[in-house]
Amino acid sequence: MHKRLFTPGPTEVRPEILKELSTPQVHHRSPEFSKLYTEIQPKLQKLMYTKNPVFLFTSSSTGAMEAAVTNLVVKRCLNLVNGAFSKRWHEITVANGVPCDAFEIDWEVALKPQMVDEQLQSGKYDAVTLVFNETSTGLMNPLREIAEVVNRYPDVFLLVDAVSAMAGVKIETDAWNIDFVLAGVQKAFALPAGLAVASVSERALSRAQAVPPRSYYFNLTKMHKSHLKNQTPSTPAIPHLFALNAQLDDMLDEGLDERFARHEAMAKIVQSWAVKYFDIYSEEGYWSKTLTCVKNTRGIAVADLISTLAKDYNLRISNGYGSIKEKTFRIAHMGDTQLDEIEGLLRVIETVLNL
């Protein structure tokens, strides 16, 4: 039996969106595909508050992360690290032979604008990677304020992982001068895993042309050439694009401001509950609006809780990630989840734990 997902990805997908995956195939070099691609672009641009092209990656978000650092670093990259996925971005940068340094702080602490400023004053860097919303810790770094700092350094590009934030939180890509911002659709988009999206600025496209190719598949220059023809360089995940198109329609019908407000309301419910019965792992004032990382102050067996919820109630939450497994557990409140569903989940957890 299906387990209702309250995990930080993949998230629950509505049946009507799943049906879109069974839309009869079209050839990816046909006018029908170009029409689909053309329909998707302005909707993604509206969601991302940008006039930039939005590229479609048939990969997980990791592929788009790799594209950012392999295409957009000439001199040296500063990888800001305060969680598992920001650490992964540093590992990706290293693995691809891109010159880089990691600036790492404790995982429960938010990256502050002054920290970034101090690092950029060295003049060593021409790109910065930042994870906006750390899925591993439920911490939301202050993107807008950090973007303001990076913008003081005209030659430094800002590359942003918004994987578990985009479509749940407003991201003003153009107003904040973000050069590359990416997300996977299996989180707040509430779509099946297998597709990533990224907005790419004009100056980023110019730099990509100047950087010797470090990747064949994740090549932004090739992607842009195809984009201008409403195509992708290689065969994309066509079923996912039908689903994405339909889901974007539903998001816009809901209203972006209303969607973001719903996410904020769900976050307040879960975080008030977490403070009442446990605690929250990340620094106060920087709690995520799409998932909560609950600190296991009661010493419960998190794996047993997850097993009981799945077996007896067909509900699934997530354990802590990596080194904070069992010390924390994570509840997602993103995508198409509604307030009453979140409240129901919390009541079940209270019953299981006799809270």
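Residue separation of Val352 and Ala210 scaled by 0.36 nm, minus their Cα-Cα distance, works out to 45.4 nm of gained length. About its Cα centre, the dipole of the stretch 58-144 is roughly 220 debye, where the only charges are +1 on Lys and Arg Cβ and -1 on Asp and Glu Cβ.
When the Cα positions of Ser136, Leu195, Pro31 are compared along the charge dipole of the stretch 17-253, Pro31 comes out farthest toward the positive end, with charges on each C-beta of Lys, Arg, Asp and Glu. Across Ala110, Ala332, Ala301, mean-square fluctuation computed from a Gaussian network of the chain (C-alpha pairs under 10 Å connected) peaks at Ala301. Under the convention that each Lys and Arg Cβ holds +1 and each Asp and Glu Cβ holds -1, the size of the dipole of the stretch 17-253 around its Cα centre is about 780 debye. Estimated from helical segments only, the mean residue ellipticity of the chain at 222 nm is -13000 deg cm²/dmol, where each DSSP H run of four or more residues counts as -39500 (n - 2.57).
Across the options Tyr277, Pro42, Leu346, the greatest Cα extent toward the positive end of the charge dipole of the chain (unit charges at beta carbon of Lys, Arg, Asp, Glu) belongs to Pro42. Counting only DSSP beta bridges with both residues in the chain, the antiparallel share comes to about 50 percent.
Across the stretch 1-124, Cα pairs under 8 Å and at least six residues apart give a relative contact order of 15 percent. Charge dipole of the stretch 4-65 (Cα centre as origin; +1 on each Lys and Arg Cβ, -1 on each Asp and Glu Cβ, all else neutral): 140 debye, rounded to the nearest 20. Computed over the stretch 62-145, the Cα gyration tensor eigenvalues convert (square root of 5λ each) into semi-axes of 19, 16, 10 Å, ordered from largest to smallest. Averaging sequence separations of C-alpha pairs under 8 Å and six or more residues apart, then dividing by the length of the stretch 17-253, give the relative contact order as a whole percent. So the answer I get is 29 percent. Distance between the modelled labels on Asn230 and Glu341, one decimal in nanometres: 3.3 nm (7 Å Cα→Cβ projection).
The fraction of Cα-Cα pairs per 10 angstrom bin, counted from 0 for the chain, comes to 5, 26, 33, 24, 10, 1, 0 percent, rounded to whole percents. Would the stretch 1-149 count as rounded, prolate or oblate if I go by the C-alpha gyration tensor, calling it rounded below 1.5 in a/c and otherwise prolate when a/b exceeds b/c, oblate otherwise? Verdict is prolate for the stretch 1-149. When both the stretch 263-312 and the stretch 119-166 are represented by their alpha-carbon centers, they are found 26 Å apart. A simple spin-label model places pseudo-atoms 7 Å from Cα toward Cβ; at Ser22 and Ile269 they are separated by 3.1 nm. Dipole orientation for the chain: of the candidates Ala204, Asn151, Ala237, Ala237 has the Cα lying most toward the positive pole (charges on Cβ; Lys, Arg +1; Asp, Glu -1).
Among the helices of the chain, those built from whole DSSP H runs whose Cα atoms reach 15 Å or more along their own axis and whose mean Kyte-Doolittle hydropathy is at least 0.0 are 61-72, 238-254, 302-313, 339-353.
Comparing Tyr125, Tyr37, Tyr313 in a Gaussian network model of the chain (Cα springs below 10 Å), the most mobile by mean-square fluctuation is Tyr313. With 0.36 nm allotted per residue and the present C-alpha distance subtracted, the Ile105-Lys75 stretch has 8.5 nm of extension available.
With K and R counted +1 and D and E -1, the other residues having a Cβ less than 15 Å from that of Val348 yield a net charge of -1. Taking every alpha-carbon pair under 8 Å whose residues sit at least 6 apart, the stretch 264-342 reaches a relative contact order of 34 percent. Full extension of the chain segment joining Asp257 with Lys170 gains 30.5 nm, where the gain is 0.36 nm per residue of separation less the Cα-Cα distance.
Taking Cβ atoms as reference points and 13 Å as the exclusive limit, the residues near Met65 contribute a net charge of -1, counting Lys and Arg as +1 and Asp and Glu as -1.
No value in this document is a laboratory result; all are computed from the given coordinates. Here the structure is a predicted model, which means the values were calculated and not measured. No Cβ is skipped: glycine too gets one built from the backbone with ideal geometry, and neighbour counts run over all protein chains shown.
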